[in-house]
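Colleague: One structure coming up, written as structure tokens, with questions to follow.
The values are calculated or read from the model by the stated rules, or taken from the named source; none is laboratory data. Nothing here was measured: the structure is a model prediction, and the numbers come from that model. Using ideal geometry, Cβ is built from the backbone for each residue, glycine included, and neighbour counts are taken over all protein chains shown.
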Amino acid sequence: WDLGAAELDSNTAYYSRKQHAFVDYTQFFGAIYLGNPFPTTPGATGTVYVADHQDNFYQEIRLASKDAAAPLVWNAGVYFEHLNENNIQFEYDPSLNAQYLAANGVPFCTPAVPCPNGVVYYQPYAREIDQQSAVFGELRVKIRPSLQLTTGVRVSHDYYRGQSLSGGPDGAGATLVEDHSASENPVTPKAVLAWQPGHDTLYYLSAAKGYRVGGTNNDFGVVPSCVPGLITLGVQPGPDGKYHSQTTYGSDSLWSYELGTKQTTLEHRLQINASLFLIDWRNIQQSVYLPSCGDSFTSNLGHARSSGGDLEVLYRPIEALTLDVTAARTEAKYTATTCLPGLSVTAAGCSSSAGVVGGPIATQGDHLVAAPWSFVASGEFLAPGVGAGRPYLRIDYQYSTAQRTLLPSQDPNNGNADTTILGLPVVATLGLRGGFRWSGADVSLFVQNALNTHPLLFSSRDTNGTDPLYFNHTDRPRTIGVTGTYRF
């Protein structure tokens, strides 16, 4: 709506999704309960049915000044979102009870905790609600014609709640009802100082705070097979004598700082973009894996710092040819050793009043997942026009160096680490594309992963220790295809 000196905008969105899947859990049940992920009984299979239903609503109302060239430009508004998700899960293996009895000498299913029709776990209801209300504002001031300062702030109230009903021998046993909730009031400011001494030159300095909303966990301490994993991390028995995992976790936050420049020269044929960044990340939301049962929960653990920079050069030696080269450096690591809440860090591990009780989640110096160096080079050639269109050829090459330091999940100092998992390898990918563009249409033939390389990008297994079954992930093989797009 045009209000004269200002403009009022309203944005409303609703998103609904339903999805269903059947997952093969044969090897998982074998690894967790039978000590062997490979099936030994012909026809014995474990199947999991999962269903997820989301209904999300978003609303933003924003009032903004209209003259973008004015000395003072502003906007302010309110925001609301309500996210509602329900997850259903049923695990089915009619042969697991007999196999478990043969392997362990005791039944998996009992009269107190039966497996009706082979159902070993049921979760007909697991609902998560995230609700956020926020106000925000931003102000841009021209200090001088070539110098401007932008400041902004967002204040929100976040509420999250998790409710679930579950049971079965692969869970807590008897039916368990859980209901956990929490709320927070994060404040996230930002500031950007930009200096543009000429039309083709820009320097900027920015600082901004970000956050990620917290959430809820199920209490995996009530699952008997999860208890060994909790003990390894130092979890102590509660007043009821049982081990409990964390049922809520808060938001994590970071401050990011960036110094950069954008330069254009040689009659706009050469463009140089460069930046340096520093990110200070606190109360990191981490997934804590429990290999004894294959489950995980989220906790706020640790402090990390990431620094680096990038340099991009775009050059058009002739009108029809564009070359683009980018180099980036990233160093991201934990700055302190972290333990589960309630435990303190000592030279020997994570300690409570009873002494050393477990291993840390991350050790000072452990790195986050990131290639130390990455390079991207591309070139595009536009051939002479044919009628109203132009044929083109494009090549893209990406290269990243190998990981040379340990991740928390690989560090033997940490509880539940798996030292057999390898780090990120060298990754090199070549892409080719040739096509024809005319009047908003683009039809092209492409080749992805033209070199057909297969680096081991990621490896995992259901449990640590003697589990010999690894799941390896690599790049998609060489793929050839045709794409067509039209832009209105």
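Colleague: Residues to consider are S351, S400; find the one that is hydroxyl-bearing (S, T, Y), in contact with a strand residue (DSSP E or B) (Cβ under 7 Å, 6 or more places away or on another chain), buried (at least 19 other Cβ atoms within 10 Å of the Cβ) and over 19 Å from R305 (Cα atoms).
Modeller: Numbers: S351 fails: buried (at least 19 other Cβ atoms within 10 Å of the Cβ).
It is S400.
Colleague: Now for a separate question. I'm checking my understanding of the structure. Among residues of region 383-392 that are surrounded by 15 or more Cβ atoms within 10 Å (Cβ to Cβ) and not charged (D, E, K, R), which one is nearest to N449 (Cα to Cα)? Break it down stepwise before answering.
Modeller: Pass one, region 383-392, residues surrounded by 15 or more Cβ atoms within 10 Å (Cβ to Cβ): 389-392.
Checking the rest, the ones that are also not charged (D, E, K, R) come to 389, 391-392.
On the way: G389: 28, P391: 22, Y392: 19 Å.
The qualifying residue nearest to N449 (Cα to Cα) is Y392.
Colleague: Output the qualifying pairs, or none if there are none: Cβ atoms under 6 angstrom, residues six or more apart or on different chains, first residue in region 295-308 and closer than 11 Å to D252 by Cα, second residue among the β-branched types (V, I, T) and in a strand (DSSP E or B).
Modeller: Note: pairs meeting the criteria are S299/V288; L301/T338; G302/T338.
Colleague: Restricting to region 433-468, name every residue that is touching a Phe, Trp or Tyr at 6+ places or on another chain (Cβ under 9 Å), surrounded by 15 or more Cβ atoms within 10 Å (Cβ to Cβ) and over 30 Å from T337 (Cβ atoms).
Modeller: R433, G434, G435, F436, R437, D442, S444 - these are the residues of region 433-468 that are touching a Phe, Trp or Tyr at 6+ places or on another chain (Cβ under 9 Å), surrounded by 15 or more Cβ atoms within 10 Å (Cβ to Cβ) and over 30 Å from T337 (Cβ atoms).
Colleague: Got at least one residue in region 90-103 being within 30 Å of I143 (Cβ to Cβ), assigned to a strand (DSSP E or B) and not charged (D, E, K, R)?
Modeller: In the first step, residues of region 90-103 are kept if they are within 30 Å of I143 (Cβ to Cβ); the result is none.
There is no residue in region 90-103 that is within 30 Å of I143 (Cβ to Cβ), assigned to a strand (DSSP E or B) and not charged (D, E, K, R).
Colleague: Search region 337-353 for residues that are free of Cβ contacts under 8 Å to residues at least 24 places away in the same chain and pair each with any residue that is in a loop (DSSP other than H, G, I, E, B) and among the hydroxyl-bearing types (S, T, Y) when their beta-carbon atoms are under 9 Å apart and the residues are at least 6 apart or on different chains.
Modeller: Close Cβ pairs satisfying both conditions: V345/T337.
Colleague: On to the next question. Of the residues that make up region 368-382, is at least one surrounded by 15 or more Cβ atoms within 10 Å (Cβ to Cβ), within 30 Å of Q236 (Cα to Cα) and among the aromatic types (F, W, Y)?
Modeller: Checked region 368-382: no residue is surrounded by 15 or more Cβ atoms within 10 Å (Cβ to Cβ), within 30 Å of Q236 (Cα to Cα) and among the aromatic types (F, W, Y).
Colleague: Between a residue in region 464-475 that is farther than 19 Å from L424 by Cα and any residue that is among the small types (G, A, S) and surrounded by 15 or more Cβ atoms within 10 Å (Cβ to Cβ), which pairs come within a Cβ distance under 7 Å, given they are 6 or more apart or on different chains?
Modeller: From residues that are farther than 19 Å from L424 by Cα, the pairs are D467/A31; L469/A31.
Colleague: Say whether the condition of being among the polar types (S, T, N, Q) and touching a residue at least 60 places away in the same chain (Cβ under 8 Å) is met by at least one residue in region 373-382. Working first, answer last.
Modeller: Step one: of region 373-382, the residues among the polar types (S, T, N, Q) are 374, 378.
Checking the rest, the ones that are also touching a residue at least 60 places away in the same chain (Cβ under 8 Å) come to none.
Looking through region 373-382, none of the residues is among the polar types (S, T, N, Q) and touching a residue at least 60 places away in the same chain (Cβ under 8 Å).
Colleague: Same structure, new question: Determine, yes or no, whether S225 is at pLDDT 90 or above and not in a loop (DSSP other than H, G, I, E, B).
Modeller: It is false that S225 is at pLDDT 90 or above and not in a loop (DSSP other than H, G, I, E, B).
Colleague: Only one residue in G35, G30 is on the phi > 0 side of the Ramachandran plot and of a type outside the set (V, I, T). Which one? Talk me through it step by step, then tell me what you get.
Modeller: Details: G30 fails: on the phi > 0 side of the Ramachandran plot.
None of the others qualify; the one that does is G35.
Colleague: Can you find, within region 56-114, the residue that is nearest to T40 (Cα to Cα) among those that are of a type in the set (V, I, T) and buried (at least 16 other Cβ atoms within 10 Å of the Cβ)? Working first, answer last.
Modeller: Residues of region 56-114 that are of a type in the set (V, I, T), as a first pass: 61, 73, 78, 88, 106, 110, 113.
Keeping just the survivors that are buried (at least 16 other Cβ atoms within 10 Å of the Cβ) gives 73, 113.
Numbers: V73: 70, V113: 25 Å.
Filtering region 56-114 for residues that are of a type in the set (V, I, T) and buried (at least 16 other Cβ atoms within 10 Å of the Cβ), the one nearest to T40 (Cα to Cα) comes out as V113.
Colleague: Look at region 158-198 and say how many of its residues are buried (at least 17 other Cβ atoms within 10 Å of the Cβ), among the polar types (S, T, N, Q) and farther than 28 Å from V213 by Cα.
Modeller: Residues that pass the stated criteria total 0.
Colleague: Here is a further query. Filter region 180-234 for residues that are of a type in the set (D, E, K, R) and more than 20 Å from Q132 (Cβ to Cβ) and give the result.
Modeller: Answer for region 180-234, where residues must be of a type in the set (D, E, K, R) and more than 20 Å from Q132 (Cβ to Cβ): D200, D219.
Colleague: Tell me which residues, restricted to region 34-49, are surrounded by fewer than 16 Cβ atoms within 10 Å (Cβ to Cβ) and closer than 22 Å to S292 by Cβ.
Modeller: Residues satisfying the conditions are G35, F38, T40.
Colleague: Moving on to the next point. With T232, T265, T261 as the choices, which residue is at pLDDT 85 or above and closer than 20 Å to T338 by Cα?
Modeller: On the way: T265 fails: closer than 20 Å to T338 by Cα; T261 fails: closer than 20 Å to T338 by Cα.
Sole residue among the options that is at pLDDT 85 or above and closer than 20 Å to T338 by Cα: T232.
Colleague: Go through (1) at positive phi; (2) of a type outside the set (K, R); (3) in contact with a Ser or Thr (Cβ under 9 Å, 6 or more places away or on another chain) one by one and return the number of the condition G4 breaks.
Modeller: Result: G4 fails condition (3) only.
Colleague: Can you name the number of the only condition in (1) among the β-branched types (V, I, T); (2) at pLDDT below 95; (3) closer than 30 Å to L139 by Cα that V73 fails?
Modeller: Evaluating V73 over (1) among the β-branched types (V, I, T); (2) at pLDDT below 95; (3) closer than 30 Å to L139 by Cα leaves (2) as the failure.
Colleague: Right, another one. Being farther than 30 Å from D158 by Cα and in contact (Cβ under 8 Å) with a residue 24 or more places away in the chain is true for just one of N117, N75, N86, N97. Which residue is that?
Modeller: Working: N75 fails: farther than 30 Å from D158 by Cα; N86 fails: farther than 30 Å from D158 by Cα; N97 fails: in contact (Cβ under 8 Å) with a residue 24 or more places away in the chain.
Among N117, N75, N86, N97, only N117 is farther than 30 Å from D158 by Cα and in contact (Cβ under 8 Å) with a residue 24 or more places away in the chain.
Colleague: Could you tell me whether region 316-328 includes any residue that is touching a Lys or Arg at 6+ places or on another chain (Cβ under 7 Å) and modelled with pLDDT under 95? Walk me through it before giving the result.
Modeller: Initial filter on region 316-328 (touching a Lys or Arg at 6+ places or on another chain (Cβ under 7 Å)): 316, 322.
Among the residues that remain, those that are also modelled with pLDDT under 95 are: none.
Looking through region 316-328, none of the residues is touching a Lys or Arg at 6+ places or on another chain (Cβ under 7 Å) and modelled with pLDDT under 95.
Colleague: Shifting gears a bit: In region 57-92, how many residues are among the acidic types (D, E) and farther than 30 Å from G173 by Cα? Steps first, answer last, please.
Modeller: So in region 57-92, the residues among the acidic types (D, E) come out as 60, 67, 81, 85, 91.
When the remaining residues are screened for being farther than 30 Å from G173 by Cα, the result is 60, 67, 81.
Summing the residues that are among the acidic types (D, E) and farther than 30 Å from G173 by Cα in region 57-92 gives 3.
Colleague: Here's a follow-up. Which residue, of Y49, Y79, Y15, Y33, is among the hydroxyl-bearing types (S, T, Y), under 30 Å from Y470 (Cα atoms) and assigned to a strand (DSSP E or B)? Give the derivation first.
Modeller: Details: Y79 fails: under 30 Å from Y470 (Cα atoms); Y15 fails: under 30 Å from Y470 (Cα atoms); Y33 fails: assigned to a strand (DSSP E or B).
Matching residue, one of Y49, Y79, Y15, Y33: Y49.
Colleague: For region 369-404, what are the residues that are β-branched (V, I, T), assigned to a strand (DSSP E or B) and at pLDDT 95 or above?
Modeller: To start, the set of residues in region 369-404 that are β-branched (V, I, T) comprises 369, 376, 386, 395, 401.
Now narrow it down to the ones that are assigned to a strand (DSSP E or B): 376, 386, 395.
Matches in region 369-404: V376, I395.
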